[in-house]
Amino acid sequence: MHRRRRTALVLSAAIVAAAPLLTACGSAAHPGAAAVVGGQRITVAQLESRVNEVRAAQRAATTDEAQYEQTIAKTGTLARDTLHGMVLDQVLDRAAKDAGVTVTRKDTQQLRTSLEAQAGGAKALESAWLQNYGVAPAHLEDSLRTEIEAQKLAAKLGVDMNTTDGKATFWKAMSTASKELHVDLNPRYGAWDVQKSSRVDAKTPWLREVTAAASQQTM
């Protein structure tokens, strides 16, 4: 477990530096949209609902008002972080489908059971995902599914994510998927540039975990 986490944390800094630009543009051509991915809108209302779920979970997890205010201050870019994560997850999903990767409910349940055991229970895992990644408990299952999808994609591509060439191959697949989806981000939430957006790395757990499977396969 410790080795697995250390490998992921080391990569979390390196992977963004190695990631290519995922082509996108920002425009006001889609009123009410926070982003458009593959012709489908992520509306501002949908984004706000996701953010409100996180804030409600943070409020419920904090009994001290001062502590809650500190949490709010530390996650001041939550809306932008959340949107970038939502879009990046869709790009990953497309890249995985292009590669013929599938994730079953059994896969997700097995990972959840394993992580709950490591964290000390279901509530502890939910708390960790909320605190570290800004993922509300209601979306933990989706987040874990994405974790597995990223690991399976790396495995299907046959890459070692601890190497420069491996990361380049992985992100080439991601870049291709991004172009296919024609990601259009509302400028209000920034530009779609993974290489420069450390927020994506900080708030998207699978970017930390994508090398876990590769690490275990070489152990």
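No value in this document is a laboratory result; all are computed from the given coordinates. Since we're looking at a predicted model, the values are computed, not measured. All Cβ positions, even for glycine, are placed from backbone atoms using ideal geometry, and neighbour counts span all protein chains on display.
Quick notes
- Neighbours of LYS97 by Cβ distance under 14 Å: Lys/Arg scored +1, Asp/Glu scored -1, total -1.
- Pairwise label distance in nanometres, GLN110 with THR163, each label 7 Å out on the Cα-Cβ vector: 2.6
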